[in-house]
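First the structure, in the form of structure tokens, and then the observations on it.
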Amino acid sequence: MTTAWLVLALGDNREHGGNDGYDDDPAEHYSWDSTVQNHARLAVGDVIVLWDRRELIGLSVIEAIDTGAAEKTVYFCPQCQKADIKRRLTQKPAYRCGQCGSTFDAPGSKNRSVTTYRSRHGQVWMDARGLLSGPELRALCDSPKSQLSMRPARWEKLRDALLATEQTQAEALDALTDRQYKPVPIAGGHRFAQVRTRVGQEAFRAALLQEQGEQCAISGPAPADVLEAAHLYSYAESGEHHDFGGLLLRRDLHRLFDRGRIAVDPETDLMNTDPDLDAYPAYAELHGKPLALALRPEHRVWLTAHWNTHRASD
């Protein structure tokens, strides 16, 4: 049975339980700590569903959970010492306690050691902004009246509710939970990490192989085993596979391209490499050379956007 979690993500305004909030990026990661109820129950392979109290933001599958330790400032009601306090935007005093009803200008505070958690879930993120309302999402939880920021939810009910919107394909939802896992060794022990593919990525790569053949667009002919389908735009932001929006790249060159260390000058169609790569002859010799693939106009549009992101301000 698939486990799902409805988690509250309010961005820069996320204040919960008397703390300063968290640095969430809904399409990539979600942060919490050991002061949050259910903090240790989320696991790799669980569906994570993000909302902002008003509506659904999107959903994904947890690929990994990074943990750490930190000192955290927590705030509380000076009267009852509870952390259920809220800042009031227009009324004075500025704060009100949800437990005892006291109002006050400034909360009490103290530092405490916490365990920090951050999920990584960007590979199969599905943007679903507004497909379900806040009340609809609450009804899918094990405890619909719960006020917790991390609540267990019923995946089967959530799946049915999304399919009822007629804007979500069953194949895309099933792809979220059809994942395999394997232990990955790290220093000091093991952790579980997910073996995952982006939704539609295999078909995207197959189309590029048929269109471009077995060759890296940067370095030339290469066996298909070492070629990856590289998006020329941010897939994490768009979640779409655009026609002629990708090139086949060798894995190492794909990584350097994504990080902007290799770019294509839109005025000359020649490769431009990061000067820090000059210490590596195999990469340095790419500077000033044309791509190994004849570019289409659509490729140039995306490559120009990539150039503007990584080189225009140089």
Testing the spin-label approximation: label points 7 Å from Cα along Cα→Cβ at Ala164 and Lys289. State their distance in nm. 5.8
Mind giving me the nanometre distance, one decimal, between the label points for Thr116 and Ala94, set 7 Å out from Cα along Cα→Cβ? 2.5
At a Förster distance of 22 Å, what's the computed FRET efficiency of Thr177 paired with Arg255, Cβ-Cβ distance as r, to 0.05? 0.20
Ranked by Cβ crowding within 10 angstrom, fewest neighbours first, how are Leu10, Leu89 ordered? Leu89, Leu10
If R0 = 45 Å, then Arg54 and Arg300, at their Cβ-Cβ distance, give a FRET efficiency to the nearest 0.05 of 0.65
Gain upon complete extension [Lys72, Ala139; 0.36 nm per residue less C-alpha separation]: 20.9 nm
Inter-label distance for Ala64 and Arg87, nm, one decimal - labels placed 7 Å from Cα along Cα-to-Cβ: 3.4
Select from the stretch 259-300 those trypsin sites (Lys or Arg not before Pro) which occupy a DSSP coil region and have at most 14 other Cβ atoms within 10 Å, ordered by residue number. Arg259
If packing is taken as the average count of other Cβ atoms within 10 Å, what order do 62-75, 148-161 fall into, highest mean first? 148-161, 62-75
P(r) histogram, all alpha-carbon pairs of the stretch 3-177 included - 5 Å bins from 0, percent: 1, 8, 16, 19, 19, 14, 10, 7, 4, 1, 0
Of the peptides 205-215, 45-55, 124-134, how do they stack up when ordered by the mean number of other Cβ atoms within 10 Å, highest first? 45-55, 124-134, 205-215
Would you mind counting up the charge near Gln99? Only other residues with Cβ under 12 Å from its Cβ, with Lys and Arg at +1 and Asp and Glu at -1. +2
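Only the coordinates and a few stated rules stand behind these numbers; no lab work does. What you see is a predicted model; the values in this text were computed from it and never measured. Note: ideal-geometry Cβ built from the backbone for every residue, glycine included; neighbour counts use all protein chains shown.
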